1. Here is a list: 104, 93, 22, 15. Which entry is in contact with an Asp or Glu (Cβ under 8 Å, 6 or more places away or on another chain), among the charged types (D, E, K, R) and surrounded by fewer than 18 Cβ atoms within 10 Å (Cβ to Cβ)?
2. Would you please name the residue that is modelled with the lowest pLDDT, looking only at residues in the stretch 23-51 that are more than 8 Å from the ligand (Cβ to nearest atom) and touching a helix residue (DSSP H, G or I) at 6+ places or on another chain (Cβ under 8 Å)?
3. Need pairs with beta-carbon distance below 6 Å; first residue within 18 Å of residue 56 (Cα to Cα) and within the stretch 112-124, second basic (Lys, Arg) and near the ligand (Cβ under 6 Å from one of its atoms); sequence gap 6+ or separate chains.
4. Given the structure, is residue 42 closer than 21 Å to residue 197 by Cα and either outside any strand (DSSP E or B) or more than 17 Å from the chain's Cα centre (by Cα) (or both)?
5. Could you list all residues from the stretch 1-27 that are assigned to a helix (DSSP H, G or I), over 18 Å from residue 59 (Cβ atoms) and of a type outside the set (Gly, Ala, Ser)?
6. Go through the stretch 113-129 and count every residue that is more than 12 Å from the chain's Cα centre (by Cα) and buried (at least 16 other Cβ atoms within 10 Å of the Cβ).
7. Mind listing just one residue for me: the one in the stretch 64-74 that is farther than 22 Å from residue 125 by Cα and touching a helix residue (DSSP H, G or I) at 6+ places or on another chain (Cβ under 7 Å) and, of those, surrounded by the most Cβ atoms within 10 Å (Cβ to Cβ)?
Amino acid sequence: MTATMTTAGVAQAYDRWAPIYDLVFGPVFRQGRASAIRAADRIGGRILEVGVGTGISLPGYAAGSRVTGVDISEDMLDKARDRVARLGLRNIDAIRVGDAEALDFADQSFDVVVAQYVVSAVANPARALDEFARVCRPGGEIIITTRVGAEQGVRGAIEKTLMPITSRLGFRTDFPFALYTDWIATRGDVELIEKREIPPLGHFSLVRIAKRENA
Ligand SMILES: C[S@@+](CC[C@H](N)C(=O)[O-])C[C@H]1O[C@@H](n2cnc3c(N)ncnc32)[C@H](O)[C@@H]1O
């Protein structure tokens, strides 16, 4: 990963995306979001969705799951609040500003932490993953949909070349899966339990990481 991203720069980029986000990124990520929500609802209980954005995933959660959504972009969150009000979603406990790298929640506050198309948009992904593990209860899960870069070959070269442009737009194209496995290797309390390709084009995966019962 070459280009540097800052949290303030990412927030500004998504403030700019907010008016057209659902149009551009709604359909393309639909299947991935549905898979992540299904996985989260299987556990249920208290769900934290980090990088909730415009709240596009919120209507998909089961009525019995209690969802809190955080994001760093106020303009994206305004859309999420409108959606919750418009659709009368009664299982959404809170929609508020929050930084994935410094979550404002006590340890083990949630049964599930969901991050959809977010980790590759965060300035310091490993710091965000540490926070996901901290607020997740033992026995709970961290459920992520993520870009997975090609690392090698023509696609890998293109992804590296695009990084200076896409990082200004608020996401990375060059994002090796090793970022997750290296992070997991630094900790004794989490394990990778699933990695599955999701559309579109095999560039994205659903990743489930369990927090060990005895953590
Ligand atoms: C590609 S969008 C994904 C939005 C939504 N999860 C979806 O499925 O469409 C990435 C989101 O992550 C948010 N984000 C980026 N860095 C963040 C951080 N440090 N803390 C919280 N949210 C962040 C952005 O503001 C943006 O809303």
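1. Details: 104 fails: in contact with an Asp or Glu (Cβ under 8 Å, 6 or more places away or on another chain); 93 fails: in contact with an Asp or Glu (Cβ under 8 Å, 6 or more places away or on another chain); 22 fails: in contact with an Asp or Glu (Cβ under 8 Å, 6 or more places away or on another chain).
The conditions single out 15.
2. Taking the candidates together, the pick is 24.
3. Sorted first by the residue in the stretch 112-124, then by its partner, the pairs are 116/33.
4. Details: closer than 21 Å to residue 197 by Cα: yes; either outside any strand (DSSP E or B) or more than 17 Å from the chain's Cα centre (by Cα) (or both): yes.
Taking the combined requirement at face value, the residue satisfies it.
5. Scanning the stretch 1-27 gives 7, 10, 12, 14, 15, 16, 17, 19, 20, 24.
6. Here is the first cut: in the stretch 113-129, the ones more than 12 Å from the chain's Cα centre (by Cα) are 123-124, 126-127.
Next cut, buried (at least 16 other Cβ atoms within 10 Å of the Cβ) only: 123.
Summing the residues that are more than 12 Å from the chain's Cα centre (by Cα) and buried (at least 16 other Cβ atoms within 10 Å of the Cβ) in the stretch 113-129 gives 1.
7. Within the stretch 64-74, the first condition is being farther than 22 Å from residue 125 by Cα, and the residues that meet it are 64-67.
Filter once more, keeping what is touching a helix residue (DSSP H, G or I) at 6+ places or on another chain (Cβ under 7 Å): 65, 67.
On the way: 65: 20, 67: 27.
Per the criteria, the residue is 67.
Yes/no per residue for (1) among the basic types (Lys, Arg); (2) at pLDDT 95 or above; (3) touching a Lys or Arg at 6+ places or on another chain (Cβ under 7 Å); (4) more than 9 Å from the ligand (Cβ to nearest atom):
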position	(1), (2), (3), (4)
57	no, yes, yes, no
62	no, yes, no, yes
79	yes, yes, no, yes
93	no, yes, yes, yes
107	no, yes, yes, yes
113	no, yes, no, yes
120	no, no, yes, no
129	no, yes, no, yes
134	yes, yes, no, yes
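The values are calculated or read from the model by the stated rules, or taken from the named source; none is laboratory data. Since the structure is predicted, the reported quantities are computational estimates derived from the model, not experimental observations. Cβ: placed from backbone, ideal geometry, glycine included. Neighbour counts: every protein chain shown.
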